[in-house]
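Notes for the one structure printed next.
The values are calculated or read from the model by the stated rules, or taken from the named source; none is laboratory data. Small disclaimer: the values here were computed from a predicted structure and weren't measured. Every residue, glycine among them, receives a Cβ derived from its backbone with ideal geometry; neighbour counts consider all protein chains shown. For accessibility, only protein heavy atoms count, side chains too; no ligands or nucleic acids. Shrake-Rupley method; radii C 1.70, N 1.55, O 1.52, S 1.80 Å.
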Amino acid sequence: MGFFDELEEEHKKDGMFTESDVGVSYSIGFPIIDQQLGFRQKIELPDGSTITQTRIGVPAGTITMNVGPSSSGKSTGCCQMAYNVIAPFGEDSTLVIFDAEEAWEPQRIMDINGIDRYEYKQRVRLINDLSLMTFENTLATIYDICMKKESDKERFTYNTGFKNIHGEDIIYYVPTSIVIDSLMKIVPKEVNDEIDKMDAATIAMRNAIRRGNWMSKLVGLARKYNINIFIVNHLGSDIPMPGASKGKQLTFIPTGKNVPGGDKVLYYTTSLLVNIPINSKDGIKTEDESGYNGLPIRLTVSKSRSGPGGKSALIEFVQESGFDLRLTLMNFAKENGLIAGRNPSCYFIDNPDVKFDTRQFVKEITENPDILKALYKACKPLLNDLIRDAIDEDDPIHGRKAKKTASDLYNEMMSD
């Protein structure tokens with residue numbers, strides 16, 4: 001028995017030396033971004049064979065933050081992402097929305113996620129009492145969910161189908177999604193109570209300190225109990241504000257912009273997505289011309305611990321029903337030259353028999369389901385190509401062998 005195995009055995013009760021490898025990710029249901037956040041991983045099984053498992057979307061039990069200017073679909077996007085995480089699971093996999101903006105209604109949540117009243121009642125809770133929008137109350141609510149899972153592990157855990165780096169099955173809690181809308185509206189209870197007695201600068205500074213402590217506790221619960229947290233936040237200007245650094249804090253966010261809330265906000269966020277609307281004349285869609293009211297949003301991965309930052313996708317936003325994956329894939333097909341011909345007789349290069357008019361795509365896919373099937377088939381190979389492959393151990397920069405060789409040569413040089 002090895003050194004750490006011995007310590008793990010000695011600390012079975014407190015779990016001090018027990019390794020927790022949660023190699024699981026969940027699709028957020030946004031084509032292109034899902035794949036760009038994902039990767040393929042080679043796992044060696046106990047019998048010596050090797051398998052490759054593919055993970056797409058956000059890592060399980062982490063914080064995803066969606067930032068952008070007003071009217072860029074931040075809240076809608078977070079709600080859809082959060083529901084898409086739990087959608088494949090049963091009624092024990094649930095969504096809680098803290099609506100500090102007082103902007104949500106049950107009907108809107110049902111519409112953008114395509115669910116009925118029964119599913120909403122069983123799996124969704126909308127909390128919009130402003131007196132509950134504090135660090136203490138939100139944390140207490142999430143803690144109660146975690147303790148519910150802890151009390152009946154057999155009911156609330158499942159075999160994820162993934163294996164850890166040792167080739168063992170990963171058994172994990174069923175996912176829970178939490179939406180915080182929005183970050184800057186959640187404040188410490190005591191500060192909220194004293195808001196009339198303090199000046200704004202003092203309140204903001206105290207909030208920033210407490211916010212960091214709050215997010216630290218959220219991260220611990222999220223990882224252990226598979227709580228997937230989606231936070232709505234705004235893009236701030238470079239004007240110095242309490243609790244926000246001046247200028248660009250991260251690569252891949254617009255120049256002169258920052259993410260309000262303090263540096264700890266960025267530290268504890270695993271995936272940071274930036275929404276920038278395309279407000280050009282050609283971008284804005286109307287019901288009369290295109291069959292829906294909306295516009296494209298450029299969604300960029302500013303920070304990710306599962307994939308490289310800087311990747312982006314043109315996501316189509318429909319005002320009444322949220323982000324639409326069909327229209328998003330149509331944009332993807334256009335950008336990647338998968339469509340040939342001229343309107344009204346366009347076609348996908350690999351399927352010339354299915355004709356359609358890109359200007360009336362919504363109407364076309366309603367009348368002819370084969371167009372949608374052809375779209376998915378055309379896009380699938382390119383989407384798969386977006387997923388990062390496992391690093392080749394012989395890669396001259398990233399590979400394990402190359403790093404070991406470089407280290408050995410360095411040690412040899414230093415020993416001369």
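Keeping the other protein chains in place, figure out the carbon and sulfur percent of the accessible area of the chain, with a 1.4 Å probe. About 52 percent, which is the carbon plus sulfur part of the accessible surface. Have a look at Gln360, Gly29, Thr405 and report the one farthest towards the positive end of the charge dipole of the chain, computed about the Cα centre with Cβ charges (Lys/Arg +1, Asp/Glu -1). Of Gln360, Gly29, Thr405, it is Gln360.
Return the loop-located trypsin sites (Lys or Arg not before Pro) in the range 320-416 (DSSP other than H, G, I, E, B) with at most 15 other Cβ atoms within 10 Å of their own Cβ; answer none if there are none. List each step's numbers first, then the result.
Values: sites: Arg326, Lys334, Arg342, Lys355, Arg359, Lys363, Lys373, Lys377, Arg388, Arg400, Lys401, Lys403, Lys404; in loops: Arg342.
Answer in residue order: Arg342.
What do you reckon, how do Thr300, Thr255, Thr328 stack up by accessible area (1.4 Å probe), largest on top? Don't skip to the answer; put the middle values down first.
Details: Thr300 25, Thr255 125, Thr328 0 Å².
In descending accessible area the options line up as Thr255, Thr300, Thr328.
For the range 32-175, relative contact order (Cα pairs under 8 Å, six or more residues apart, normalised by length) works out to 23 percent.
Going by Cα centres, the range 250-299 and the range 359-413 are how many Å apart? What the calculation gives is 24 Å, centre to centre.
Above 14 angstrom, tally the Cα pairs of the range 65-136 and express them as a % of all pairs, no decimals.
Values: 1582 of 2556 pairs.
Pairs farther apart than 14 Å: 62 percent.
Within the listed set Ile371, Ile297, Ile28, the residue fluctuating most in the Gaussian network model of the chain (springs between alpha-carbon atoms under 10 angstrom) is Ile371. Between Asp357, Asp14, Asp92, the residue with the greatest mean-square fluctuation in the GNM of the chain (Cα pairs under 10 Å linked by springs) is Asp14. Residue order by solvent-accessible surface for Ile276, Ile227 is Ile276, Ile227, largest first, with ligands and nucleic acids left out and a 1.4 Å probe. Determine which aspartates and glutamates satisfy two conditions relative to Lys373: a Cα distance under 16 Å, and not lying fewer than 8 residues away in the same chain. Straight-distance partners of Lys373: Asp324, Asp350, Asp353, Asp357, Glu364. In terms of Cα to Cα distance under 23 Å, which lysines are near enough to Lys285, apart from those fewer than 8 places away along the same chain? Output for Lys285: Lys74, Lys334, Lys355, Lys363. Looking at the range 324-397, the GluC sites (Glu not before Pro) that sit in a DSSP loop and have at most 13 other Cβ atoms within 10 Å of their own Cβ are Glu393.
Of the options (i) 21.3, 67; (ii) 23.6, 78; (iii) 32.9, 113, only one is Rg and Dmax of the Cα atoms in Å as computed from these coordinates, and that is (ii).
Sorted on the mean count of surrounding Cβ atoms within 10 Å across their residues, most packed first, peptides 278-284, 79-85 read 79-85, 278-284.
By the rule of a C-alpha distance below 18 Å, with chain neighbours fewer than 8 residues away ignored, the lysines paired with Lys148 are Lys217, Lys224.
Accessible surface computed residue by residue for the chain, with neighbouring protein chains in place and a 1.4 Å probe, gives 51 Å² per residue.
Note down the magnitude of the dipole of the chain about its Cα centre, charges +1 on Lys and Arg C-beta and -1 on Asp and Glu C-beta and zero elsewhere, to the nearest 20 debye. Before the final figure, lay out the partial values.
Numbers: 49 positive and 59 negative charges, 175 e Å.
The calculation lands at about 840 debye.
Build a GNM of the chain with springs between Cα atoms under 10 Å apart, and of Tyr118, Tyr173, Tyr268 the one that fluctuates most is Tyr118.
Which one of Ala60, Phe3, Pro46 is farthest out on the positive end of the charge dipole of the range 1-102, using unit charges on Cβ (Lys, Arg +1; Asp, Glu -1) and the Cα centre as origin? It is Ala60.
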